[in-house]
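Before any comments, here is the structure.
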């Protein structure tokens, strides 16, 4: 059975050339056993050749020996605390209330769709233009301005006027001024 690319790479890191033909698994295992015995003497040399591999292997050995467990416990506790904090869902916000203006525009669009103002009944051939007209009429009615009762604007006005009650025109009254001249009121 041939060696995988990973096995070849790992063997190359420790100095074995198993890529050449004729190398068997048994021979590779025997070489690894011999390297294991001589690793104590050759570790400084290997560390100079490939310091990253040496650091990784040292960390792996420390992990397997259980030397890193005391360091891992505070980290695990912190992760658990964060998990508990994250699990709590924030309080739900209530849904935003639709404004009177928004309701009026919706009704106006429905009225436009029912009428033959912007295309045949049931369709709107230019929705952008229709929406603009509905918005204008709603805005004018909201301000208390006058709107035509004829044509598309009249259709829209009749549909949405219930959302905007008539605003009474308020006149500013001039303050009364009493002027007295030699005992008389004018």
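For every residue, the table says whether it meets (1) in a loop (DSSP other than H, G, I, E, B); (2) within 38 Å of the chain's Cα centre (by Cα); (3) at pLDDT below 90; (4) more than 13 Å from residue 111 (Cβ to Cβ).
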residue: 128; (1), (2), (3), (4): no, yes, no, yes
residue: 133; (1), (2), (3), (4): no, yes, no, no
residue: 138; (1), (2), (3), (4): no, yes, no, no
residue: 154; (1), (2), (3), (4): no, no, no, no
residue: 159; (1), (2), (3), (4): no, no, no, no
residue: 168; (1), (2), (3), (4): yes, no, yes, yes
residue: 173; (1), (2), (3), (4): yes, no, yes, yes
residue: 177; (1), (2), (3), (4): yes, no, yes, yes
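Test residue 71 against the stated conditions and say whether it is at pLDDT below 75 and either under 41 Å from the mean Cα position of the chain (by Cα) or farther than 19 Å from residue 7 by Cβ (or both). For residue 71, the condition - at pLDDT below 75 and either under 41 Å from the mean Cα position of the chain (by Cα) or farther than 19 Å from residue 7 by Cβ (or both) - is met.
Condition check ((1) loosely packed, with under 13 Cβ neighbours inside 10 Å; (2) modelled with pLDDT of 70 or more; (3) not in a helix (DSSP H, G or I)) across all residues:
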| residue | (1), (2), (3) |
| --- | --- |
| 39 | no, no, no |
| 56 | yes, yes, no |
| 63 | yes, yes, no |
| 76 | yes, yes, no |
| 95 | yes, yes, yes |
| 98 | yes, yes, yes |
| 107 | no, yes, no |
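Among residues of region 132-160 that are on the phi > 0 side of the Ramachandran plot, those with a beta-carbon under 9 Å from a residue that is modelled with pLDDT under 90 at least six positions away or on a different chain give the pairs 144/164; 144/166; 144/167; 144/168; 144/169; 151/117. There is at least one residue in region 109-120 that is outside any helix (DSSP H, G or I), surrounded by 16 or more Cβ atoms within 10 Å (Cβ to Cβ) and modelled with pLDDT under 90.
The values are calculated or read from the model by the stated rules, or taken from the named source; none is laboratory data. From a predicted model like this one, the values you see are computed outputs, not experimental measurements. Glycine also receives a Cβ, built like all others from the backbone with ideal geometry; neighbour counts cover every protein chain displayed.
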